[in-house]
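The structure that follows is given in the form of structure tokens.
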Amino acid sequence: MNVEKLKKMKGKEKIVMVTAYDAPSARIARDAGIDVILVGDSLGNNVLGYENTIPVTMEEMLIHVAAVKRGAPDAFIVADMPFLSYQTSVEKAVENAGKFLKVGANAVKIEGGEEFGELVQKLVESGIPVMGHIGLTPQFVNRFGGYRVQGKTEKNREYLLRSAKELEKRGAFAIVLELIVEEVAKEITESVSIPTIGIGSGRFCDGQVLVWHDLLGLNPDFVPRFSKKYANLYEVILKALQDFRREVKEGLFPTEEHSFTDKSKGGVSS
Ligand code: KIV
């Protein structure tokens, strides 16, 4: 996969993107034939235990992007620019985005609408492919006053449409549409020539993205209404750990099969 192939998928084949934050997950995503792996700044709430994405740093993101690259060296990897890594100056943004490419990302994603058009152009001119992200942009949650569905007012609909067109004009290769009413997401998708990838934005986007922990059911407390639990890994992992605990307590593990004696042959692999 590359930027040009992805752009050509619009109108022909739905794009599938998933977040991943570590090497083993990236390998599974690659083996499943996922088109794009997003190392999202949702790393903050899903892996690092933060309340939201605001505290996530460049250093944390770089460690996880590099891990994902090691797990799936041939995958198409998009790195999320974390809060304040691109908002303060173009120079800082280019420098930070460049760091992601140096550790193996193929592109970066930035949250924000038309006001980031010039920045997108500078990044693209510097050789850094950019995926846009409009609608509910979690880094701006404090300005939005909560996680609210976007595109409900005429003013907001017009802003989203203008933003999508501006990002396209400035060279973005795709745009994430997050939590936008379906009708407006459809209108945006039809009004730009680059692919839109929806999350909570209905049926008519050019692709869909879900967050690893939501789609695999790793969080027992909360699944957003727009997501779908394709597995309940919380239950699977819980049961495995309970079984392990019980077997150790009862002396059932390890058995001879898992033990080494001076007559054992071979190495440690099974
Ligand atoms: O960080 C993330 O996981 C994202 C997706 C919700 C698109 O930006």
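Please order Phe253, Phe100 by the number of other Cβ within 10 Å, starting at the fewest.
Phe253, Phe100
Sticking with this one: Antiparallel versus total DSSP beta bridges in the chain: what percent is that, nearest 5?
If we restrict to bridges inside the chain, about 5 percent are antiparallel.
Compute the length gained on full extension between Leu252 and Ser89: take 0.36 nm times their separation in residues and subtract their Cα-Cα distance, giving the result in nm to one decimal.
Contour length minus the Cα-Cα distance gives 52.7 nm.
When N is the residue count of the range 3-232, what does its C-alpha Rg come to as a fraction of 2.2 N^0.38 Å?
0.92
Moving on. Each residue of the range 98-115 in order: what ³J(HN,Hα) in whole Hz does its phi give by Karplus 6.51 cos²θ - 1.76 cosθ + 1.60, θ = phi - 60°, with x for Gly and Pro?
Running phi through 6.51 cos²θ - 1.76 cosθ + 1.60 with θ = phi - 60° gives x, 4, 5, 5, 5, 9, x, 6, 9, 6, 10, 10, 10, 7, x, x, 4, 5 Hz.
Would you please give the residues with an amide H less than 5 Å from that of Gln150, counting only those at least 5 places away or on a separate chain, with H modeled from the backbone geometry?
Leu136, Ile180, Val181
Going by C-beta contacts inside 10 Å, put Thr88, Thr189, Thr196 in order with the fewest on the left.
Listing Thr88, Thr189, Thr196 from fewest to most nearby Cβ atoms yields Thr88, Thr189, Thr196.
For Phe260 and Glu51, compute 0.36 nm times the residue count separating them, minus their Cα-Cα distance, and round to one decimal in nm.
70.7 nm
How much mean residue ellipticity at 222 nm does the chain get from its helices, if each DSSP H run of length 4 or more adds -39500 (n - 2.57) and you divide by all residues, to the nearest 500 deg cm²/dmol? Mind showing how you got there, number by number?
Details: 11 runs with 106 residues, N = 270.
Per the formula, -11500 deg cm²/dmol.
Using the basic label-point model (7 angstrom from Cα toward the beta carbon), what is the Glu13 to Leu238 distance in nanometres?
That separation, rounded to one decimal, is 3.9 nm.
To the nearest 20 debye, what charge dipole does the range 208-270 have about its Cα centre, counting +1 at the Cβ of each Lys and Arg and -1 at the Cβ of each Asp and Glu?
My answer is approximately 220 debye.
Based only on other Cβ atoms within 10 Å, what is the fewest-to-most ordering of Ser193, Ser227, Ser85?
Ser193, Ser227, Ser85
Roughly speaking, what is the stretch gain from Met1 to Glu125, that is 0.36 nm per residue apart minus the C-alpha to C-alpha distance, in nm to one decimal?
On the way: separation 124, 0.36 × 124 = 44.64 nm, distance 2.09 nm.
Taking Met1 through Glu125 to full extension adds about 42.5 nm, to one decimal.
Here is a follow-up. Using only alpha carbon pairs under 8 Å that are at least six residues apart, calculate the relative contact order of the range 3-232 and give it in whole percent.
18 percent
In debye to the nearest 20, how big a dipole does the range 1-83 give about its Cα centre with +1 on each Lys and Arg Cβ and -1 on each Asp and Glu Cβ?
540 debye
Any idea which of Pro220, Thr153, Gln139 is furthest toward the positive side of the dipole for the chain, if Lys and Arg beta-carbons carry +1 and Asp and Glu beta-carbons -1?
Thr153
Then there is this: Can you list the residues, at least 5 places off or on another chain, whose amide H is less than 5 Å from the amide H of Leu38, using H built in the peptide plane?
For Leu38, the qualifying residues are Val18, Thr19, Ala20, Val78.
Something else now. With +1 on each Lys and Arg Cβ and -1 on each Asp and Glu Cβ, and nothing else charged, work out how big the dipole of the chain is about its Cα centre, in Debye to the nearest 20.
Charge dipole of the chain: 420 debye, to the nearest 20.
What net charge do the residues around Ser89 carry, taking every other residue with its C-beta under 13 Å from that of Ser89, with Lys and Arg at +1 and Asp and Glu at -1?
After counting each charged neighbour, the total is -1.
Values quoted throughout were computed directly from the atomic coordinates according to the rules given, and no laboratory measurement underlies them. Predicted, not measured: the structure shown is a model, and the values here were computed from it. Because the Cβ atoms are built from the backbone with ideal geometry, glycine has one as well, and the counts that use them run over all protein chains shown.
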